[in-house]
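Reading through the structure tokens given below for one structure.
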Amino acid sequence: MKKYKFFTNLDQEEQWLNDMARQGYTLVRKSFGYQFERSVPEEANYRIDFRTFKNQRDFEDYVALFEDSGWTHVAGTKGSGAQYFKQNGEQGNEDIFSDADSKAARYKRISDMWMTLCCCFIPIFAALISTDTIDASVILKPQSLYYTPGLWEMSGPRFWQAFLFETPFALFRGIVWMVIPVMIIVYSVFAYKAKKEYDNSQQQ
């Protein structure tokens, strides 16, 4: 079974995975969605860390460290960021984090990731505007997305025929031009939310 959800709070995500385990669904994979397998209902204990690794050896050492402490790595790769662990029965500690600061630090790493992505798009967007590849004025004057000569001076059936014909092309241009600024906004919002979770975790 596959489910699609998005969390900005890792504690809530862990609780949801534990609830799914009580319903008899065990997490086996995580990519764009959560892949579950039917299993015996159980009181599971999932924990999520957030780390990326430059090479596979460092990642394998990281996983082995937790498995030696009684935690099974159930999902995540060296570049995925989110790493999902499940406690092996009653072995090991109740948490994979040694203290509140290390637990909060995962939100700091998430915030840094989103902010890095945001900063990568800003110079690209500026370069596209400076070379007139993207016309920023379309935000205030969306009619400039229509290229039909004299369109706005037309009237009656002739106008509607030309307008309806070009509208799909104009919408496509607008969507393409807005992809980068929308991504900048989305990444900055995610970075802010992660930073807020980091601040809240430190105060607990």
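Is there any pair linking a residue in segment 109-125 that is over 19 Å from N9 (Cα atoms) to one that is assigned to a helix (DSSP H, G or I) and open to solvent by less than 70 Å² (accessible area, probe 1.4 Å), with Cβ under 6 Å and at least six apart or on different chains, and which?
If the second residue must be assigned to a helix (DSSP H, G or I) and open to solvent by less than 70 Å² (accessible area, probe 1.4 Å), the pairs left are L117/Y187; C118/I184; C118/Y187; C118/S188; F121/I180; F121/M183; F121/I184; F125/I180.
Any idea which residue in segment 193-204 is most open to solvent (accessible area, probe 1.4 Å), counting only those that are over 12 Å from the mean Cα position of the chain (by Cα) and touching a residue at least 24 places away in the same chain (Cβ under 8 Å)? Before the answer, list the steps.
To start, the set of residues in segment 193-204 that are over 12 Å from the mean Cα position of the chain (by Cα) comprises 195-204.
Checking which are touching a residue at least 24 places away in the same chain (Cβ under 8 Å) leaves us with 195, 197-198, 201-202, 204.
On the way: K195: 79, E197: 38, Y198: 43, S201: 18, Q202: 94, Q204: 166 Å².
Among those that are over 12 Å from the mean Cα position of the chain (by Cα) and touching a residue at least 24 places away in the same chain (Cβ under 8 Å), it is Q204.
Among the residues of segment 153-174, which ones are modelled with pLDDT under 90, open to solvent by 30 Å² or more (accessible area, probe 1.4 Å) and within 24 Å of I139 (Cβ to Cβ)?
E153, F169, L171, F172, R173
Which residue, of D61, D99, D95, D68, is at pLDDT 90 or above and not aromatic (F, W, Y)?
Residue meeting the stated conditions: D61.
Can you confirm whether Y198 is hydroxyl-bearing (S, T, Y), assigned to a helix (DSSP H, G or I) and touching a Ser or Thr at 6+ places or on another chain (Cβ under 8 Å)?
Working: hydroxyl-bearing (S, T, Y): yes; assigned to a helix (DSSP H, G or I): yes; touching a Ser or Thr at 6+ places or on another chain (Cβ under 8 Å): yes.
Criteria met by Y198.
Filter segment 80-132 down to residues that are touching a helix residue (DSSP H, G or I) at 6+ places or on another chain (Cβ under 9 Å) and among the charged types (D, E, K, R) and give me whichever is surrounded by the fewest Cβ atoms within 10 Å (Cβ to Cβ).
Here the residue is D101.
Out of all the residues in segment 153-196, which are in contact with a helix residue (DSSP H, G or I) (Cβ under 7 Å, 6 or more places away or on another chain) and of a type in the set (S, T, Y)?
Residues satisfying the conditions are Y187, S188.
Going through segment 1-14 one residue at a time, which ones are open to solvent by 90 Å² or more (accessible area, probe 1.4 Å) and either touching a residue at least 40 places away in the same chain (Cβ under 8 Å) or in a helix (DSSP H, G or I) (or both)? Outline the logic, then answer.
Within segment 1-14, the subset open to solvent by 90 Å² or more (accessible area, probe 1.4 Å) is 2, 4-6, 12.
Across segment 1-14, the qualifying residue is only Q12.
Which residue, of D101, D95, D112, is closer than 24 Å to F53 by Cβ and in a loop (DSSP other than H, G, I, E, B)?
Values: D101 fails: in a loop (DSSP other than H, G, I, E, B); D112 fails: in a loop (DSSP other than H, G, I, E, B).
D95 is the lone residue from the list that is closer than 24 Å to F53 by Cβ and in a loop (DSSP other than H, G, I, E, B).
Of all the residues that make up segment 118-147, how many are under 29 Å from the mean Cα position of the chain (by Cα) and assigned to a loop (DSSP other than H, G, I, E, B)?
Looking only at that region, the number is 3.
Which members of segment 95-111 meet the condition of being closer than 19 Å to N45 by Cβ and in contact with a strand residue (DSSP E or B) (Cβ under 6 Å, 6 or more places away or on another chain)? It would help to see each step written out before you state the result.
Within segment 95-111, the subset closer than 19 Å to N45 by Cβ is 95-100, 102-103, 106.
The answer is I96, R106.
The values are calculated or read from the model by the stated rules, or taken from the named source; none is laboratory data. Model, not experiment: these values are computed from the prediction. For neighbour counting, all protein chains shown are included, and Cβ atoms are generated from backbone atoms with ideal geometry for every residue, glycine included. For the accessible areas, the whole protein counts, side chains as well, though only heavy atoms, and no ligand, DNA or RNA atoms are used. Shrake-Rupley method; radii C 1.70, N 1.55, O 1.52, S 1.80 Å.
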